Amino acid sequence: MEKSDLMFMRSHGLVTDADSIAAFETYATHPAARPGQNMLNDMSGFEESRIDYQKRMALHSIMEPILTMGGMGRTYVMYVPDGRSAQLAQNYLRFWEAVPLIDVHLTASESEALRILKLPYTSFAEMIAAEKD
């Protein structure tokens, strides 16, 4: 989302380590990716996750220096509108809490997610529509 200077993703269904690796590689090689860019993950469709913690730690050892490049901090917001998605997101939250330059948040409200990111929208649909204009 170039106008919002944001990496926006949606997690749905079963999320595996392979999905996480593919998403990171896509982002890391995207021409609009840049240091300090905030991240928003809509996890409203997140139903299940399969994490191999050793693989995940190895992935984080690759991701962390790229996502904190230049010593620039980021805000990472996970939108988790229900108890099940919030419970699953806690597993991912733990990995990021140890990274001082990434300020991570869980929220059940789209408007709060956008407020945390200091974006002028009240819903993801509004943000996406503004990006298309």
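The values are calculated or read from the model by the stated rules, or taken from the named source; none is laboratory data. Remember, it's a predicted structure, so these values are computed and weren't measured experimentally. Every residue, glycine among them, receives a Cβ derived from its backbone with ideal geometry; neighbour counts consider all protein chains shown.
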Unmet requirement for residue 125, which otherwise passes all of (1) surrounded by 18 or more Cβ atoms within 10 Å (Cβ to Cβ); (2) not in a loop (DSSP other than H, G, I, E, B): (1)
Within the range 106-120, considering residues that are assigned to a loop (DSSP other than H, G, I, E, B) and free of Cβ contacts under 8 Å to residues at least 40 places away in the same chain, the one nearest to residue 59 (Cα to Cα): 108
All positions within the range 27-48 that are among the acidic types (Asp, Glu) and within 18 Å of residue 124 (Cβ to Cβ): 42
Residue satisfying all of: in the range 55-105; assigned to a loop (DSSP other than H, G, I, E, B) and in contact with a helix residue (DSSP H, G or I) (Cβ under 9 Å, 6 or more places away or on another chain); surrounded by the fewest Cβ atoms within 10 Å (Cβ to Cβ) among these: 98
Residue within the range 38-49 that is exposed (fewer than 15 other Cβ atoms within 10 Å of the Cβ) and not in a strand (DSSP E or B) present: no
Qualifying positions in the range 1-36 - touching an Asp or Glu at 6+ places or on another chain (Cβ under 6 Å) and either assigned to a strand (DSSP E or B) or surrounded by 14 or more Cβ atoms within 10 Å (Cβ to Cβ) (or both): 1, 10, 13, 14, 17
Hits in the range 46-86 (condition: over 23 Å from residue 29 (Cα atoms) and modelled with pLDDT of 80 or more): 54, 79, 80, 81, 82, 86
